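The values are calculated or read from the model by the stated rules, or taken from the named source; none is laboratory data. Just so you know, these numbers come straight off a predicted model, no measurement behind them. Positions of Cβ are backbone-derived with ideal geometry, glycine not excepted, and every protein chain shown enters the neighbour counts. We work out accessible area using only protein heavy atoms, side chains counted, and drop any ligands, DNA or RNA first. Shrake-Rupley method; radii C 1.70, N 1.55, O 1.52, S 1.80 Å.
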Amino acid sequence: MAAKTATCKTMATQIANWLRLRAAFSNFLFWFMTLKFLDFLKTNTKTAYFDGRTINEIFNAPRPFLTRFLTSSYPLPPIALSMRQLLFTHLLFVFTCPNYGQDSLQLRQQIDKLVRFEAEIDVEKTPGFIIGIIDGDYTFILPYGTLLKDSLLPPDEHTFFEIGDLTQVFTASILCQLANEGKLDFNKSVNTYLPDSLKNQSAENVTVMDFLTHRTGLPRLPFGIGQHARDDGQLFSNYPLPYLSDYFLDFDFSSKKDRKYSYSPTAYAMLDFIFYQILSRGKMLDEYIKLKIFEPNDMPESYWGVGPAPTVGYDKAGHPAEPRVFKSFLPALGMKSTLHDLLNFLKANLNDNIFTQAHQPQIPTGIHKNTWAAMGWHVICHRKRPNIITHTGTSAGHRSAIAFVKETKTGVVILSNSPFGLNGLEFSILRMLNDDWKREKRRD
């Protein structure tokens, strides 16, 4: 009996010590997070308050703070919600990162600084985003914030996002495939690939390459498209291809003789006419891109047209935005994808293959210094640094960005659930990965 009693006491002591250790770890981790990422409201006495109580009062509570903080169901003030989201996301990364280890933690710490001090992303405007990084043979996935406001669930690599204008790099990739199959010549007039009923005589000197590099003179959106907008702001759901073809036929391309760069999703939307003509006797566009792009590069979650609903996005007013519905403009703005798929697409672009053709600078944009238009992509050229190949995308409720350096096999993908800009975060991460552009070319 005495031995049994001693065993029970030992077990009780071990449990008590474990509970003390858990509480100490919770308190330490909370302090670490608050000191590293958060700014407490301080009074004149320099006492930090949270939820109406001092920090010491919270730490001396019988229930460990971390457990109560993450599982509380009572209403929390906004600052508490943002702190809880940040802490939960950080813990999730630590325990679920695909490449968990010292390198992952150090990378997370470096990017946390970039997010806060360089990009200065406002978590109120952008509740959640996820970053994917490729550095040679290593892949890192870093979630931030939450999928929904006032929730704890962060985005992951299989969360669906609208990628908006980033769709154009896939459209250009399809055209490269068609060119390699001998079905298309970039330097021929666009009229060459249109039926007689759709030929525009003023476009006789406008080539397919002009469409790919935004040199057509077409505007961003067709004039008058707003007259067809739905009450909820949907621009493309009541604008079918016949409307777009009428706009193409009426547009006077001869009035834009200088052929300067002018960014135009409308030009990419009109490439649908080429696809329809070339692929009409074979597979349709959504089937062709699946066969030629998605399947060979392990992108099972990407789609054009109908597919799984993307995650909730928030418009610039902070309200949930309806997913875009398209009856035209799919080749310009209509693709949905996940971080998993876009990282695989990025890997394919980092290697010398069919995608390389689309990376070649074609014409200076004249907007940003050293920025050139390629086929779908934009290229930032610098005499003393490697080229950065990049593109961004925006929808009513989402934002996307890809940027990579082929010479060093480094790249970044970012997907967020708001249309607000990422303030160049992808470039800051690339600069950090490349040791402030001092890294030498990676040898295979």
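Which whole-percent values make up P(r) of region 235-386 when all C-alpha to C-alpha distances are grouped in 10 Å steps starting at zero?
Once binned at 10 Å, the Cα pair distances of region 235-386 give 9, 28, 37, 23, 3.
Taking the mean number of other Cβ atoms within 10 Å as a proxy for protection, how do you rank 152-158, 314-320, 172-178 from highest to lowest?
Per-residue Cβ counts within 10 Å, averaged per peptide and sorted highest first, yield 172-178, 152-158, 314-320.
Whose amide H sits under 5 Å from the amide H of D315, counting only residues 5 or more places off or on another chain, with H placed in the peptide plane?
Here the answer is A321, since their amide H atoms fall under 5 Å of that of D315.
Could you look at region 99-217 and say what percent of its accessible area is carbon and sulfur, using a 1.4 Å probe and all protein chains? Working shown, then result.
Numbers: 2190 of 4750 Å².
Carbon-and-sulfur percentage of accessible area, whole number: 46.
Grab the Cα-Cα distance for D150 and T192, subtract it from 0.36 nm times how many residues apart they are, and report the gain in nm with one decimal.
Details: separation 42, 0.36 × 42 = 15.12 nm, distance 5.40 nm.
In short, 9.7 nm is gained.
Using Cα-Cα distances under 8 Å and only pairs 6 or more residues apart, what relative contact order does region 237-363 have, in percent? Walk me through the numbers before you get to the answer.
Values: 99 pairs, mean separation 41.3, N = 127.
Here the relative contact order equals 33 percent.
Below 14 angstrom from the Cβ of S189, what's the summed charge of the other residues (Lys, Arg +1; Asp, Glu -1)? Kindly include the intermediate steps, with their values, before the conclusion.
Numbers: positive: K188, K199, R215, R259; negative: D185, D196, E204, D210.
Residues close to S189 contribute a combined charge of 0.
At 1.4 Å probe radius, can you tell me the per residue accessible area of region 305-443 in Å²? Spell out each step's value before the answer.
On the way: 5780 Å² over 139 residues.
I get 42 Å² per residue for this part.
Over 28 Å between C-alpha atoms is what I'm after, so list which of K256/K290; K149/K327; K113/K149; K113/K438; K183/K369 land there.
Values: K256/K290 36 Å; K149/K327 30 Å; K113/K149 23 Å; K113/K438 20 Å; K183/K369 35 Å.
Check vs 28 Å cut-off fails for K256/K290; K149/K327; K183/K369.
Which value in Å is the Kirkwood Rh of region 311-412 over different Cα pairs?
Working: mean 1/r = 0.0651 Å⁻¹.
After inverting the pairwise mean of 1/r, the radius is 15.4 Å.
Can you give the FRET efficiency to the nearest 0.05 for V306 and N353, using r as the Cβ-Cβ distance and R₀ = 30 Å?
0.55
Whole-Hz Karplus ³J(HN,Hα) for region 298-311, in order, using 6.51 cos²θ - 1.76 cosθ + 1.60 and θ = phi - 60°, x for Gly and Pro?
6, 10, x, 9, 8, 7, 10, x, 8, x, x, 5, x, 4
Given contacts defined as C-alpha pairs under 8 Å and at least six residues apart, what's the relative contact order of region 112-207, whole-number percent? Display every interim value, and only then the final one.
Values: 77 pairs, mean separation 13.6, N = 96.
RCO, region 112-207: 14 percent.
Note down the net charge around A309, summing +1 for each Lys or Arg and -1 for each Asp or Glu among other residues with Cβ under 12 Å from its Cβ. Before the final figure, lay out each step's value.
Numbers: positive: R324, K336; negative: E162, E322.
So the surrounding residues net to 0.
Give me a comma-separated list of calculated 3J(HN,Hα) values for region 337-342, in order, Karplus coefficients 6.51, -1.76, 1.60 applied at θ = phi - 60°, integers in Hz, x for any Gly or Pro.
Values, residue by residue: 7, 10, 4, 3, 5, 5 Hz.
At 7 Å along Cα-to-Cβ for each site, give me the label-to-label distance between R116 and Q227 in nm.
5.3 nm
Where in region 209-297 are there trypsin sites (Lys or Arg not before Pro) that are in a DSSP coil and have at most 13 other Cβ atoms within 10 angstrom of their Cβ? Working shown, then result.
Details: sites: R215, R220, R230, K256, K257, R259, K260, R281, K283, K290, K292; in loops: R215, R220, R230, K256, K257, R259, K260, R281, K283.
When the trypsin sites (Lys or Arg not before Pro) of region 209-297 are filtered for loop state and at most 13 Cβ neighbours within 10 Å, R220, R230, K257, K260, R281, K283 remain.
What are the ³J(HN,Hα) couplings of region 114-127, residue after residue, when phi is run through the Karplus curve with 6.51, -1.76, 1.60 and θ = phi - 60°? Round to Hz, x for glycine and proline.
Once θ is set to phi - 60°, the couplings for region 114-127 become 5, 4, 7, 9, 9, 6, 6, 5, 7, 5, 6, 7, 10, x Hz.
Arranged from highest to lowest average of other beta-carbon atoms within 10 Å per residue, in what order do the peptides 140-147, 104-111 appear?
Most protected by this proxy first, the peptides run 140-147, 104-111.
To the nearest Å, what is the center-to-center distance of region 263-321 and region 168-189, using C-alpha atoms only?
About 16 Å separates the Cα centre of region 263-321 from the one of region 168-189.
Could you work out what % of the accessible surface of region 338-444 is carbon and sulfur, using a 1.4 angstrom probe and leaving DNA, RNA and ligands out of the count?
On the way: 2100 of 4420 Å².
Carbon and sulfur atoms account for 47 percent of the accessible area of region 338-444.
Which whole-number percentage describes the relative contact order of region 343-401, with Cα contacts under 8 Å and a sequence gap of 6 or more? Numbers along the way, then the final one.
Details: 73 pairs, mean separation 11.0, N = 59.
Reported as a whole number, the value is 19 percent.
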